1. Among the residues that make up the range 27-41, is at least one of them open to solvent by 10 Å² or more (accessible area, probe 1.4 Å), touching a Leu at 6+ places or on another chain (Cβ under 7 Å) and assigned to a loop (DSSP other than H, G, I, E, B)?
2. Is it fair to say Y152 is more than 21 Å from V50 (Cα to Cα) and in contact with a helix residue (DSSP H, G or I) (Cβ under 6 Å, 6 or more places away or on another chain)?
3. Does the range 104-114 contain any residue that is small (G, A, S) and over 30 Å from D144 (Cα atoms)?
4. Could you count how many residues in the range 41-67 are within 13 Å of the chain's Cα centre (by Cα) and acidic (D, E)?
5. Take the range 162-175 and flag every residue that is surrounded by 13 or more Cβ atoms within 10 Å (Cβ to Cβ) and either in contact with a helix residue (DSSP H, G or I) (Cβ under 8 Å, 6 or more places away or on another chain) or among the polar types (S, T, N, Q) (or both).
6. Among (1) more than 26 Å from I39 (Cβ to Cβ); (2) at pLDDT below 95; (3) open to solvent by less than 30 Å² (accessible area, probe 1.4 Å), there is one condition Y145 misses while meeting the rest; what is its number?
7. What number of residues within the range 160-201 satisfy the criterion of being of a type in the set (D, E) and part of a helix (DSSP H, G or I)?
8. Considering only residues of the range 75-118 that are among the small types (G, A, S) and in contact with a strand residue (DSSP E or B) (Cβ under 9 Å, 6 or more places away or on another chain), which is nearest to K169 (Cα to Cα)?
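The values are calculated or read from the model by the stated rules, or taken from the named source; none is laboratory data. The shown structure was predicted, so the numbers you read here are calculated from the model rather than taken from an experiment. Please note: Cβ atoms are built from the backbone with ideal geometry, for glycine as well, and neighbour counts cover all protein chains shown. Accessible surface areas use protein heavy atoms only, side chains included; no ligands, DNA or RNA. Shrake-Rupley method; radii C 1.70, N 1.55, O 1.52, S 1.80 Å.
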Amino acid sequence: MDKIYVKNAKEKWFENDDTFHQLYTKKIQLLAKKHWTPIEVARIAAEFLVSEKNEKILDIGSGAGKFCLVAGHYKPNAFFYGVEQRKSLIEVAENAQIKLGLDNVFFIEGNFTQLNFNNYDHFYFYNAFFENIAGTDKIDESIDYSLELYNYYNRYLYKQLETKPAGTKLVTFHSLENEVPRNFTLVDTRMDNLLKCWIKI
């Protein structure tokens, strides 16, 4: 009986985006519509990315951790890793993770260029580099922004994905696709082409 109650208590957070955002502070909630992955998008992406047990999915620029938290809830047999430069957002994500009781989600403080891509099977990317373009909405002013960084990050991610083996999956959301290598094939699009699913051939 207790286990059923705990399960139902967790499920309530995933009923809709507004309810989920109550896991966060007001400041983080205000950023939600522009910067955090919608629940429906996370569910579709997780369904595509995970096909076997124990697969490791990396969210590049995980922000407040919403993609990893939602995906981790719906795919408990996979592992979700979010890398984020802002320590404050890592703390927010970890606090939400504790409330949700998820043990298959991990958050890494740092720049994605410091990671070994060989440690991950598939990838999720919600255009985390776009903040570097002048005139775009920023999450905050705690990190450096520049067009040079935008171009550098896109090239770096492109090269990393290019070295991954055939069968590697990628989901992009609101992406300009500068980071997608030519050897990735588009296999599905949703949300008026804003959400795209790719497989490396």
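1. No; the residues of the range 27-41 include none that is open to solvent by 10 Å² or more (accessible area, probe 1.4 Å), touching a Leu at 6+ places or on another chain (Cβ under 7 Å) and assigned to a loop (DSSP other than H, G, I, E, B).
2. When the stated conditions are applied, Y152 does not pass them.
3. Residues of the range 104-114 that are small (G, A, S), as a first pass: 110.
Imposing the further condition that a residue be over 30 Å from D144 (Cα atoms) reduces the set to none.
No - not one qualifying residue is present in the range 104-114.
4. So in the range 41-67, the residues within 13 Å of the chain's Cα centre (by Cα) come out as 41-46, 49, 56-67.
This time we only want the ones that are acidic (D, E), so: 59.
Adding up the residues that qualify gives 1.
5. Once the filter is applied, which keeps residues that are surrounded by 13 or more Cβ atoms within 10 Å (Cβ to Cβ) and either in contact with a helix residue (DSSP H, G or I) (Cβ under 8 Å, 6 or more places away or on another chain) or among the polar types (S, T, N, Q) (or both), the range 162-175 yields K164, T168, K169, L170, V171, T172, F173, H174, S175.
6. It is condition (3) that Y145 fails.
7. 1
8. A78
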